[in-house]
Amino acid sequence: QGKRLGRGKANYFSEALGRAAHERMRILSSLRAAFSAEQLSLVFQPQIELASGRVIGAEALLRWEIEPGRWVPPDQFIPLAEQSGLIVPLGEWVLRTACRGLYRLTELGYAGFRMAINVSHAQFREPGFVSMLERVLADSRVEAARIELELTESVAMDHIDEINTKLADIRRLGVRIAIDDFGTGYSSLSVLRQLHVDRLKIDRSFVGELDGPDTKAGIAPLIIALGHQCNLTLIAEGVETEVQRQCLLAMGCQEAQGFLFARPMPIERLEDWMAAQPG
Ligand code: C2E
Ligand code: MG
Ligand code: MG
Ligand code: MG
């Protein structure tokens, strides 16, 4: 009796796993189709200098509209793209498209505008990544110094020397590096000190804590102190309230992005939005 129940359970789980795997395959094949049918797009979220309120750049974010008005969030399809290797051509497309957006803004006279682009590890680890980056930069005629790559801190879980060699190659091109979602991964402080990066992005979860009763007890002030200590610029993500903005500014965080300032938007809307900014 017990044995039969056990076997039934195992079957149940393997069937459920099978269904989940099947579901992933299904999403992946429609993602591939959407990619070749050019149904993926980028939206851009402005980044603000806190002290002046000036726009300094934008982060490019991938969007997949499966039918008019229905979007699959990137958190759901990027992991699949990573596991399947699709992230390599997809990531190159993101880079090219974001550079084209940056070129348009530069042509409109926003000379110092910076474009932040997310790069996943599977993409970064590719042996051809740096030469691809170099090629895209040359093709799109944008200044390398206007490009910032966002990597999450789990890159540092790999061999730190290899990572640093690659980061050095990227920075030699003039491209900047930011650590995204900082504080949510497992990298140690000593690893951070060894990594050659330019900026830390304070994760949204820590920014959210700043509305609470004791802002000084949260993680954000620690990350900011760490950034100052390591001579890194800080940018906060997911800033939604005026209290958060003021807190971050008072603590010495230089830059921010979030719904308080603007939502991610298509390039045409960003151009209009920029034109409407004071100064
Ligand atoms: P991320 O790089 O940390 O991007 C920030 C996310 O926070 C974005 O979600 C953005 O829309 C959202 N966000 C911005 N401001 C606020 C706010 O004030 N409140 C709240 N609640 N959310 C805010 P999104 O666009 O859904 O992207 C999720 C993640 O997917 C990104 O997190 C990034 O890890 C990944 N991703 C997006 N585009 C790309 C891409 O082109 N390539 C790669 N490799 N990953 C990407
Ligand atoms: Mg990001
Ligand atoms: Mg982030
Ligand atoms: Mg995030």
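Under 5 Å between amide hydrogens, built in the peptide plane, is the criterion, and for S187 it picks out nothing among residues at least 5 positions away or on other chains.
For region 86-95, 3J(HN,Hα) computed residue by residue from phi via the Karplus equation (6.51, -1.76, 1.60; θ = phi - 60°) reads 4, 4, 5, x, 5, x, 5, 4, 4, 4 Hz, glycine and proline entered as x. Whole-Hz Karplus values for region 23-31 come out as 4, 5, 4, 5, 5, 4, 6, 6, 5 Hz, taken residue by residue from phi with 6.51 cos²θ - 1.76 cosθ + 1.60 and θ = phi - 60°; glycine and proline positions read x. Modelled label positions at N164 and R96, each set 7 Å beyond Cα in the direction of Cβ, lie 3.5 nm from each other. Computed as a quarter of the hull surface, the mean projected area of the alpha carbon convex hull for region 163-235 stands at 5.0 nm².
May I ask you to work out the translational diffusion coefficient for the chain at 10 °C, viscosity 1.306 mPa s, via Stokes-Einstein with Rh from the Kirkwood sum over Cα pairs, reported in whole µm²/s?
Working: Rh = 20.4 Å.
Here the translational diffusion coefficient equals 78 µm²/s.
Each peptide in 235-241, 212-218, 95-101 receives the mean, over its residues, of other Cβ atoms within 10 Å, and ordering these scores from highest gives 235-241, 95-101, 212-218.
Is the shape of region 44-115 rounded, prolate or oblate, going by the alpha carbon gyration tensor and its root eigenvalues a ≥ b ≥ c, with a/c under 1.5 for rounded and a/b larger than b/c for prolate? Before the final figure, lay out the partial values.
Working: a/c = 2.25, a/b = 1.86, b/c = 1.21.
Prolate, because a/c is 1.5 or more and a/b exceeds b/c.
In the chain, Cα pairs under 8 Å separated by at least six residues give a relative contact order of 17 percent.
Rule-based calculations on the coordinates, nothing more; no lab input. Keep in mind it's a predicted model, so treat the numbers as computed, not measured. Positions of Cβ are backbone-derived with ideal geometry, glycine not excepted, and every protein chain shown enters the neighbour counts.
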